[in-house]
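To start, the structure under review is shown below, and the notes come after it.
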Amino acid sequence: MDLRGIVMETIIASVITGIFGIIVVLITNASINKKGYDKIDRKIGELGDDTLSRQHRDIKENMRLVETNIKESIIDKTSSVYSKVDNINEMMIKNEGRYENLNLDQREIRNNIDKLLFEWQSLLTENNKLRMENNRLRDKIHSLQNQIEKEDEFENEL
């Protein structure tokens, strides 16, 4: 073999090796990309081949369904409240009818009892407010005592 044959064989071997290397790199990249896309699909789920406008229509439809459900729920709750208010109104009308049948002494006693109940509720409310204020002040005193203790410890260290 002469020099020309050796160079040709070297060039052919280099071209074959290069083509083989390119094929291996392409196959490797394709498999890596496939694994990456599979991971992404698992994370975000199947979106299908819908267009963006189709996805927006689906979102609008879902929002409309949720809005309808909320409205129905509000209507159910509202009707329940209305029925309770109607029952209370009926009871008050009956009580007013009974109140009109009382004589003056009985009306005065009823009015005094109502005042007493109102004052009792006011006292309970005030008592709860004072209890909360007392707890708040007690917490503040404890925090101030802790702060004083820390300052005393700091001064003793110096």
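The values are calculated or read from the model by the stated rules, or taken from the named source; none is laboratory data. Bear in mind the structure is a predicted one, so any value in this text is a computation, not a measurement. Cβ: placed from backbone, ideal geometry, glycine included. Neighbour counts: every protein chain shown. Each accessible area value is taken on the protein alone, full model and side chains, heavy atoms only, with ligands, DNA and RNA left out. Shrake-Rupley method; radii C 1.70, N 1.55, O 1.52, S 1.80 Å.
List of remarks:
- Point-to-point label distance, ARG42-LEU123, nm (Cα→Cβ direction, 7 Å offset): 7.0
- Label of the coordinate-derived value, Kirkwood radius over Cα pairs in Å, listed as (i) 23.2; (ii) 18.5; (iii) 28.2: (iii)
- Of the accessible area of the stretch 55-121, computed with a 1.4 Å probe over protein heavy atoms only, carbon and sulfur atoms account for 59 percent.
- Integer Hz, Karplus 6.51/-1.76/1.60 couplings in order for the stretch 25-31, x for Gly and Pro: 5, 5, 5, 4, 5, 5, 5
- With both labels modelled 7 Å from their Cα along Cα-to-Cβ, the ILE59 to ASN103 distance reads 7.7 nm.
- Base-10 log of normalised Debye intensity for the stretch 117-158 (one unit scatterer per alpha-carbon) at q = 0.17 Å⁻¹: -0.59
- The sum of -39500 (n - 2.57) across all DSSP H runs of n ≥ 4, divided by the residue count of the chain, sets its helix-only mean residue ellipticity at 222 nm to -34500 deg cm²/dmol.
- Distance between modelled label sites at LEU52 and ALA30, nm, 7 Å Cα→Cβ extension: 3.1
- Once the Cβ-Cβ distance of SER80 and ASN146 is raised to the sixth power relative to R0 = 41 Å, the FRET efficiency obtained is 0.25.
- Accessible solvent surface per residue of the chain, calculated while the other protein chains remain in place, 1.4 angstrom probe, Å²: 96
- Helix 52-100 axis versus longest C-alpha principal axis of the chain: approximately 10°, rounded to the nearest ten.
- Cα-based Lys proximity count in the chain, under 19 Å, for pairs eight or more positions apart or on separate chains: 6
- The angle between the Cα long axis of helix 104-157 and the longest principal axis of the Cα atoms of the chain comes to about 50 degrees, rounded to the nearest 10.
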